[in-house]
């Protein structure tokens with residue numbers, strides 16, 4: 001029983017020691033636990049809409065602010081309500097937000113709406 005208690009104490013000490021290091025890394029890299037920061041805006045053409053999967057495929061132009069060349073890619077979309085006005089073949093403007101390791105479309109609208 002003493003060995004188990006010693007093991008639990010050692011594990012707890014290691015976990016507690018790791019927390020400040022993880023927090024320091026997150027602060028140094030500019031990450032926050034709950035915030036999502038807008039990255040940039042882009043323009044593209046809708047190639048596919050998949051509300052069930054929560055994605056829209058865009059043939060997007062280059063986004064120099066994040067070093068992304070022009071490409072066709074399926075992006076996750078923040079909410080299903082954003083799909084309402086999208087039509088395949090339509091030019092759109094969109095805003096990307098970084099959420100963890102994923103870039104997500106936070107807003108999207110027909111380019112003609114502006």
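Hey, does region 75-96 have a residue that's under 17 Å from the mean Cα position of the chain (by Cα), part of a helix (DSSP H, G or I) and surrounded by 14 or more Cβ atoms within 10 Å (Cβ to Cβ)?
Within region 75-96 (the criterion being under 17 Å from the mean Cα position of the chain (by Cα), part of a helix (DSSP H, G or I) and surrounded by 14 or more Cβ atoms within 10 Å (Cβ to Cβ)), the answer is yes, since at least one residue qualifies.
Report, by residue number, each residue of region 78-98 that is at pLDDT below 90 and within 20 Å of residue 62 (Cα to Cα).
The one that is at pLDDT below 90 and within 20 Å of residue 62 (Cα to Cα): 98.
Determine, yes or no, whether residue 65 is assigned by TED's automatic domain parsing to the domain that holds residue 46, modelled with pLDDT of 95 or more and surrounded by 10 or more Cβ atoms within 10 Å (Cβ to Cβ).
No: the conditions fail for residue 65.
The values are calculated or read from the model by the stated rules, or taken from the named source; none is laboratory data. The shown structure was predicted, so the numbers you read here are calculated from the model rather than taken from an experiment. Every residue, glycine as well, gets a Cβ built from its backbone with ideal geometry; the counts of neighbours run over all protein chains shown.
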